[in-house]
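**Student:** Structure in structure tokens, see below.
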Amino acid sequence: MSTALDKMKNNCSSAWKAVLVSLFALVSVYGCGGGESTSSNPNLGAPIVVGYTGPAPATADVQAFKINVWDNLSATNRCGSCHVAGGQSPQFVRQDDVNLAYSAANSVVNGQLVINLAAPDQSLMVTKVRNGHQCWLADNNICADTIQGYIEAWGNGTSTTSKEIVLEAPTVLRDPGASKSFPTDSSLFASTIHPVLLAHCAGCHSETSTNKQSPFFANSDPDSAYNNAKQKINIDSPGDSRFVVRLCDLNVPPSDPLDTNTNCQGHNSWSGDFRADANVMLTAIQNFANGITPTQIDPSLVISKLMRVEDGIVSAGGARHEANLIALWEFKTKQGNIAYDTSNIEPATHLNLFGEYNWLGSYGIQFINGAAQASAADARKLHDLIKSTGEYSIEAWVVPENVAQSDRNIISYSSNATSRNFAMKQTQYNYEFYNRSESSINLGNGTPFLTTDPNDEDLQATLQHVVMTYKVGEGRKIYVNGQDTGDTDPVAYGLLTDWSNNYAFILGNEVGSYRADDMNNSAWKGSVRLVAIHNRALTPAQIQQNFDAGVGEKYYLLFSISHLISVPDSYILMEVTQFDNYSFQFSKPTYVNLGTNPTIGSIPVKGLRIGINGKEAAVGQGYINVDTTITTNNQVLSDLGTIIPLEKGFTDDFFLSFEVLGSNSHVYVEADPPTPAAPADSEDVSDIGVRTFDEVNQTMSALTGVPFNNTNIMNKFNSLKQQLPSKETFIGFVSAHSIGISQLAFEYCNELVEDSTLRANFFGAAPYNFNSFDQNVSTAFGTGLSTQKQAVVNALYDRMIGIPATATDNATVLSTTITRAQLMTELVDPANAPAGDPFAIPSTSTNAGNLFDRLMRSCSEGSVSCTTAQGTKDFVKAMCTAVLGSAVTLVQ
Amino acid sequence: MVNANRYHTVIRALLLAGFAGITTSYALADATSRAQAARIYDRLTGVPPTAAVLNTMESIIDSGSKSDAAYVDAAYEAMKNKNFYNVTLVNMVTPWTNEEQAVIPLDSETEGTLNDYTATVIGAVRDDLDFRRILFDDILYVANDDLLVAPYNVPAYSYSSNAHYKTLETLDVNLGGTFGSPAKDVLVSVSQASKTGGELTPAETAGVITTRAGAKAFFTMGTNRAMFRFTMLNHLCNDMEQVKDVTRTPDRIQQDVSRSPGGDSRIFFNACLGCHSGMDPMNQAFAYYNYDDAAGKLDFNASGELDPDTGTRVKKKYRINEYNFVTGYKTVDDSWINYWRNGPNKLLGWDQSLQGSGNGAKSMAQELAYSEAFAQCQVKKVFQTVCLRAPVDSSDRAKINDIVAKFKQPFKASGYELKRVFAEAATYCK
């Protein structure tokens, strides 16, 4: 692979060789075992500081140049090995005279300012490095952003000034046309690209690999692999697919005709012939792309011109307050296993990524089961710079995956689970702030910690801006989305004197708690989009400023509509950001005219829709209710934002369509939904059930005549209510219900028999005439199938079971229940005498014997006083309860 | 108290006797008119009939030659029993009044079971009101003033207490009937607004939704989405999952709904959006309502009454977690719109004579009440209550449709009379 170091090696001389020797020793540490590793390791070291002994800066501006740019880039492992006196031009880091270096920095080379203070991103120093010139890290963009940051700092004094976006018309207007989209199922992928990935990439990019490294596009499951591979495939231009370019960009010829591997990245080439391997991959992707049928755009739509996000005008968002920034991770690289500290505060605290994680296209890292860690040595600047002020802020844009995980580190500066300087943690809906201060105040683990109030549920499983500040005089504070959560530090503040400089800095896990094969013990699940450490407690206004600045890049997309209306230079402006790995956010559609003194008039606009790759997006159409008339330039059509699923990412073809725009219209008619098919018949279900609690209660009240609001009954019912059935189905009927019902039945029968009026109405009325409640059992009931016994049973039968039209009339009893004779047999008929032990559980009802005779055995046992009137009452209660608590009254 | 020894003996005796021999009942279906009458009565009231009422019903059925109309008449006779109102209706309605959908609410020991929500439904059934009115009208049923004095001593109705109904349910009176001599209705219909202590005007009431019990259950804390969800569940028989439609515009989904739960917007597209796109614009009708737990009553931001956090009449609960998606919809008033009038949920059968949009709870609740799904739902719930099962086959489904059609027609009053649905269902399942 041709790396920045290779190029440096070619271009510069011996100064680099010593550096290279020391760096090559590190290469094997990061190589993956899946193939021949050709990746060189980035230079993560701090600039090698060169002492300046030349003339003093002539002006304050030169001084500012020196502090912000020269000091950072004059080191020999930056630009100072070449662009120095006697070296390559421009000599903007010459060490003999910073004033001359200043002049060189302000010079023009090939029509381009070496440093363009008005537009730092247009500086030659920035564009050159961004295009691959001598980046000292593995990612050209990180180096370019770093240099741009130096220039901005010089130009602004601070980095807090916001830049005004200048809208420029797209240079080429393209019509939306047929466009390819990724198929929803993985079958085509499985037959084309997947076999190549399985054969050559599964050594690392598989979740089952011992050297597993995300993204896992070589998983054996084609669905999973396909999902992870999409971002690496360019179906419109297969040769530009990341899968191909990482092996070799076949559009770039070899610089050495005798070595075709030159100008190739050769990432884990399996044959050693980078171009041959790239061609194998290219063929597979071409076969995949050729198998996709392009979506034809509906010609009746009223549509704008086409735009891709990559065509948009980039806005870095609002200005952040970073005057006291000491470390910053923006996670912009989208690949690799290093998250760079881009604070420009040396030494940089770069983080090594471990375990399972995904880079986010929207900038960020999603921790699935992993960590990002800097060693104690690399993190030492945090200790030194924070202790020097005694105060600090931890700032992060985070997306917790869920609100169930507890005691998990989002950010921690610690050595293990019990020793730390600080931590930002999650416990369910709460953010927790650990801070170690004087040992008498905060223990060595930073406890007691400050937590957000659980009732406030400040932590949500969505993108949030979190800042934790600490300073003497205030103690700890937590801000979520710019707002002070109002939670107060449980302990007084103290000095940071007990901080250790021997702790590591980690995201998403605990230092020393994870193993390569299992990080679950302490892994935090979620995403970080930005992490910053400041060595001052940010003020509420500064926190609000950083919250307002947002995170990630914003693009301005100008959708041309001039061809639809009679006003030239007309556009619909959309603010677009990549929201996460699966969607773009579109915001604030605005009519913009880039002409001079345009005459706009009145342009009706209605029903705006977002199109993607040849069709209108199926979900997320947040502007279909736009209905207004454009009359002025910069007229906002909607303040709302909406998200649209991405398909290919930055190469998705977007366009806008309109129900009405000017004199154009497209009528949207939504078809009626189809009538649903008749559902299939269910299994047969019972058409009877059990009575539920109130029904049981009222049934017993109705059958006995005892009021349900009788005090004893109400007390008993309320104590039994939860034990009675609450649903009619038999399936839920259990023995506890049965016991509850029998207890309640007894209570009703008890009240019935003990109340002289009630019992007289029930048993004593004609034709039953049983009024012997003041006699003992034998007198009251007589012997055999006596009239008295029959009277009791008849009363129970007529009032509770048979409900004949007139008393004791068997002809009109309900035909679906038991007969009077059956009840007689069960309760009193001597023909059904008990056989054997009457207290044994009967095997069948026929040998159980009638209830009356079995109760008579209780007389001999002595548990019922049969020689008293109470015994008579008890016998009646028993017979009453047997009927009232039976299935006759339970089943409905 | 019961003598423990005797109690023990009787229980033993019961266990010995077993219930094996006494297991059949008139619950089983039978073609005799007396048995059919018994079953109709039992299913409608939850209790067995007396011989007297059974004789009457049998006579009605026989004199009507066992026609459906005769059974329906017999059912109306059965529904005169207090337990139709006190037990069957109370137990059917009580689960609509709490989030747990419990027939025995968690707070029933302290608060009782009967409340102004259930009482209002009972009154509407008793009076054969157009049942749709329970969702949106200025309607409330309270105990007769004559029950507020000795010997009944029911506390006066209060918008901040359930004591009125808690006492009422302990009286042995027919909630759907009369008491005393001369007979007076136990429940009387009043203007709900007149009983809210000035909290609501008639235009701001919405039937059971703005009763104290309804507010206590579903306007408490949260975002008021519980009120919409449970109204859909209890009165249109559709939970959010069943009305999920991801093709509606998300332009009224509020800011608190994360567009990327856990960092994965696919979850939003496939799940959250499907419900919130339709629910949020409807739920915004409740933007001025909240249940004040401390005061124990509904709190409404009247015209000119501004919420200190929103600076508008919109309650703070509509703006919580605003940074979850800051460019999401910010509720600014109580306007609502029904996006489900198109797409798959058009099948819910919205009333085309209504606008499908408006302001406030009353018109939104009317939108729900006038849907075909509302009528279907009431019939299905009654069918379940009376037949002890859900419809299972084409015959049952055809009967449901038949009863729905009858439900809409004037019978004893102007139509949408729920008693008729009970009578028809009991006739079918006799």
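The values are calculated or read from the model by the stated rules, or taken from the named source; none is laboratory data. Note that this is a predicted model, so its numbers are computed, not measured. Glycine also receives a Cβ, built like all others from the backbone with ideal geometry; neighbour counts cover every protein chain displayed.
**Student:** Please go through the stretch B:75-100 and pick out each residue that is outside any helix (DSSP H, G or I) and within 12 Å of another protein chain (Cβ to nearest Cβ).
**Tutor:** B:81, B:100
**Student:** Can residue A:621 be described as away from chain B (no Cβ under 12 Å), free of Cβ contacts under 8 Å to residues at least 60 places away in the same chain and in contact with a Ser or Thr (Cβ under 9 Å, 6 or more places away or on another chain)?
**Tutor:** No; evaluated as a whole, the condition is false for this residue.
**Student:** Still on this model: Output the number of the condition that residue A:479 fails; it satisfies all remaining conditions of (1) within 14 Å of chain B (Cβ to nearest Cβ); (2) over 27 Å from residue A:352 (Cα atoms); (3) part of a loop (DSSP other than H, G, I, E, B).
**Tutor:** In the conditions (1) within 14 Å of chain B (Cβ to nearest Cβ); (2) over 27 Å from residue A:352 (Cα atoms); (3) part of a loop (DSSP other than H, G, I, E, B), residue A:479 misses (3) alone.
**Student:** While we're on this one: Can you name the residue in the stretch B:263-292 that is modelled with pLDDT of 95 or more and outside any helix (DSSP H, G or I) and is also surrounded by the most Cβ atoms within 10 Å (Cβ to Cβ) among such residues?
**Tutor:** Step by step, filter the stretch B:263-292, then rank; the result is B:287.
**Student:** Considering only residues that are surrounded by fewer than 24 Cβ atoms within 10 Å (Cβ to Cβ), more than 14 Å from chain B (Cβ to nearest Cβ), touching a strand residue (DSSP E or B) at 6+ places or on another chain (Cβ under 9 Å) and not in a strand (DSSP E or B), which ones fall in the stretch A:538-562?
**Tutor:** Once the filter is applied, which keeps residues that are surrounded by fewer than 24 Cβ atoms within 10 Å (Cβ to Cβ), more than 14 Å from chain B (Cβ to nearest Cβ), touching a strand residue (DSSP E or B) at 6+ places or on another chain (Cβ under 9 Å) and not in a strand (DSSP E or B), the stretch A:538-562 yields A:539, A:540, A:542, A:553, A:562.
**Student:** Further, regarding this structure: Within the stretch A:256-272, does at least one residue satisfy the condition of being in contact with a strand residue (DSSP E or B) (Cβ under 9 Å, 6 or more places away or on another chain) and assigned to a loop (DSSP other than H, G, I, E, B)?
**Tutor:** Yes; the residues of the stretch A:256-272 include at least one that is in contact with a strand residue (DSSP E or B) (Cβ under 9 Å, 6 or more places away or on another chain) and assigned to a loop (DSSP other than H, G, I, E, B).
**Student:** Continuing with this model, one more query. Could you check the stretch B:248-265 and list, in sequence order, the residues that are of a type in the set (Lys, Arg) and in contact with an Asp or Glu (Cβ under 9 Å, 6 or more places away or on another chain)?
**Tutor:** The answer is B:252, B:259.
**Student:** Here's a follow-up. Checking the conditions here, which among A:680, A:736, A:671 is away from chain B (no Cβ under 11 Å), within 46 Å of the chain's Cα centre (by Cα) and small (Gly, Ala, Ser)?
**Tutor:** One residue alone meets the criteria, A:736.
**Student:** Okay, next question. Under 6 Å between Cβ atoms, which residue pairs at least 6 apart in sequence (or on different chains) link something in the stretch A:217-232 that is closer than 17 Å to residue A:289 by Cα with a partner that is at pLDDT 90 or above and basic (Lys, Arg)?
**Tutor:** none
**Student:** Let me ask something additional. So, in the stretch A:877-892, of the ones that are in contact with a Leu (Cβ under 8 Å, 6 or more places away or on another chain) and modelled with pLDDT under 90, which residue ends up farthest from the other protein chains (Cβ to nearest Cβ)?
**Tutor:** Filtering the stretch A:877-892 for residues that are in contact with a Leu (Cβ under 8 Å, 6 or more places away or on another chain) and modelled with pLDDT under 90, the one farthest from the other protein chains (Cβ to nearest Cβ) comes out as A:889.
**Student:** Separate question: Quick one: residue B:414 ticks every box in (1) buried (at least 18 other Cβ atoms within 10 Å of the Cβ); (2) more than 11 Å from every other protein chain (Cβ to nearest Cβ); (3) under 22 Å from the mean Cα position of the chain (by Cα); (4) of a type in the set (Ser, Thr, Tyr) except a single one, so which number is it?
**Tutor:** Every condition holds for residue B:414 apart from (1).
**Student:** May I pose another question? Tell me whether the stretch A:457-477 contains one or more residues that are in contact with a Lys or Arg (Cβ under 6 Å, 6 or more places away or on another chain) and free of Cβ contacts under 8 Å to residues at least 60 places away in the same chain.
**Tutor:** No, the conditions are met nowhere in the stretch A:457-477.
**Student:** Now, a different point. Would you confirm, using the coordinates I've provided, whether residue A:213 is of a type in the set (S, T, N, Q), under 30 Å from residue A:272 (Cα atoms), at pLDDT below 85 and not in a loop (DSSP other than H, G, I, E, B)?
**Tutor:** For residue A:213, the condition - of a type in the set (S, T, N, Q), under 30 Å from residue A:272 (Cα atoms), at pLDDT below 85 and not in a loop (DSSP other than H, G, I, E, B) - is not met.
**Student:** Name every residue in the stretch A:577-604 that is away from chain B (no Cβ under 14 Å) and either small (Gly, Ala, Ser) or outside any loop (DSSP other than H, G, I, E, B) (or both), in order of residue number. First the steps, then the outcome.
**Tutor:** Filtering the stretch A:577-604 for residues away from chain B (no Cβ under 14 Å) gives A:591-604.
Of everything in the stretch A:577-604, those that are away from chain B (no Cβ under 14 Å) and either small (Gly, Ala, Ser) or outside any loop (DSSP other than H, G, I, E, B) (or both) turn out to be A:591, A:592, A:593, A:595, A:601, A:602, A:603, A:604.
**Student:** Please find, among B:376, B:366, the residue that is within 18 Å of residue B:237 (Cα to Cα), part of a helix (DSSP H, G or I), more than 14 Å from every other protein chain (Cβ to nearest Cβ) and of a type in the set (S, T, N, Q).
**Tutor:** Details: B:376 fails: more than 14 Å from every other protein chain (Cβ to nearest Cβ).
Going through B:376, B:366 in turn, the sole match is B:366.
**Student:** Suppose we keep only residues that are buried (at least 16 other Cβ atoms within 10 Å of the Cβ) and of a type in the set (Val, Ile, Thr) within the stretch B:319-362. Which one would you say is nearest to the other protein chains (Cβ to nearest Cβ)?
**Tutor:** The residue in question is B:327.
**Student:** Would you call residue A:659 in a strand (DSSP E or B) and over 22 Å from residue A:311 (Cα atoms)?
**Tutor:** Criteria met by residue A:659.
**Student:** Taking residue A:147, is it part of a helix (DSSP H, G or I), modelled with pLDDT of 80 or more and either over 39 Å from the mean Cα position of the chain (by Cα) or closer than 24 Å to residue A:345 by Cβ (or both)?
**Tutor:** So residue A:147 passes the test.
**Student:** Working carefully through the options A:768, A:748, find the one that is under 26 Å from residue B:174 (Cβ atoms) and more than 9 Å from chain B (Cβ to nearest Cβ).
**Tutor:** Sole residue among the options that is under 26 Å from residue B:174 (Cβ atoms) and more than 9 Å from chain B (Cβ to nearest Cβ): A:748.
**Student:** Oh, and also: Given the criteria within 23 Å of residue A:701 (Cα to Cα) and in contact (Cβ under 8 Å) with a residue 12 or more places away in the chain, does residue B:121 qualify?
**Tutor:** no
**Student:** Can you tell me how many residues in the stretch A:641-672 are among the aromatic types (Phe, Trp, Tyr) and either in contact with a His (Cβ under 6 Å, 6 or more places away or on another chain) or more than 16 Å from residue A:609 (Cβ to Cβ) (or both)?
**Tutor:** 1
**Student:** State whether one or more residues within the stretch B:104-113 are touching a residue at least 12 places away in the same chain (Cβ under 8 Å), farther than 27 Å from residue B:48 by Cβ, within 14 Å of chain A (Cβ to nearest Cβ) and surrounded by fewer than 23 Cβ atoms within 10 Å (Cβ to Cβ). Talk me through it step by step, then tell me what you get.
**Tutor:** Filtering the stretch B:104-113 down to residues touching a residue at least 12 places away in the same chain (Cβ under 8 Å) leaves B:111-113.
With farther than 27 Å from residue B:48 by Cβ added as a condition, the list becomes B:111.
Then keep just the ones that are within 14 Å of chain A (Cβ to nearest Cβ); that gives B:111.
If we keep only those that are surrounded by fewer than 23 Cβ atoms within 10 Å (Cβ to Cβ) as well, we get B:111.
Taking every residue of the stretch B:104-113 in turn, at least one turns out to be touching a residue at least 12 places away in the same chain (Cβ under 8 Å), farther than 27 Å from residue B:48 by Cβ, within 14 Å of chain A (Cβ to nearest Cβ) and surrounded by fewer than 23 Cβ atoms within 10 Å (Cβ to Cβ).
**Student:** In contact with a His (Cβ under 9 Å, 6 or more places away or on another chain) and in a loop (DSSP other than H, G, I, E, B): does that describe residue A:343?
**Tutor:** Working: in contact with a His (Cβ under 9 Å, 6 or more places away or on another chain): no; in a loop (DSSP other than H, G, I, E, B): yes.
Taking the combined requirement at face value, the residue does not satisfy it.
**Student:** Could you check the stretch B:381-395 and list, in sequence order, the residues that are facing chain A (nearest Cβ under 9 Å) and either surrounded by fewer than 15 Cβ atoms within 10 Å (Cβ to Cβ) or over 19 Å from the mean Cα position of the chain (by Cα) (or both)?
**Tutor:** B:390, B:391, B:392, B:393, B:394
**Student:** Being of a type in the set (Asp, Glu), part of a loop (DSSP other than H, G, I, E, B) and within 23 Å of the chain's Cα centre (by Cα), is that true of even one residue in the stretch A:638-646?
**Tutor:** Scanning the stretch A:638-646, I find no residue that is of a type in the set (Asp, Glu), part of a loop (DSSP other than H, G, I, E, B) and within 23 Å of the chain's Cα centre (by Cα), so the answer is no.
**Student:** Moving on to the next point. Residues to consider are A:310, A:356; find the one that is at negative phi and surrounded by fewer than 16 Cβ atoms within 10 Å (Cβ to Cβ). Reasoning before the result, please.
**Tutor:** On the way: A:356 fails: surrounded by fewer than 16 Cβ atoms within 10 Å (Cβ to Cβ).
One residue alone meets the criteria, A:310.
**Student:** Right, another one. Identify all residues within the stretch A:777-818 that are surrounded by fewer than 15 Cβ atoms within 10 Å (Cβ to Cβ), modelled with pLDDT of 90 or more and assigned to a helix (DSSP H, G or I); write none if there are none.
**Tutor:** A:779, A:787
**Student:** A follow-up question, please. Residue by residue through the stretch A:819-872, note down the ones that are at pLDDT below 75, among the aromatic types (Phe, Trp, Tyr) and closer than 25 Å to residue A:802 by Cα.
**Tutor:** Scanning the stretch A:819-872 gives no hits.
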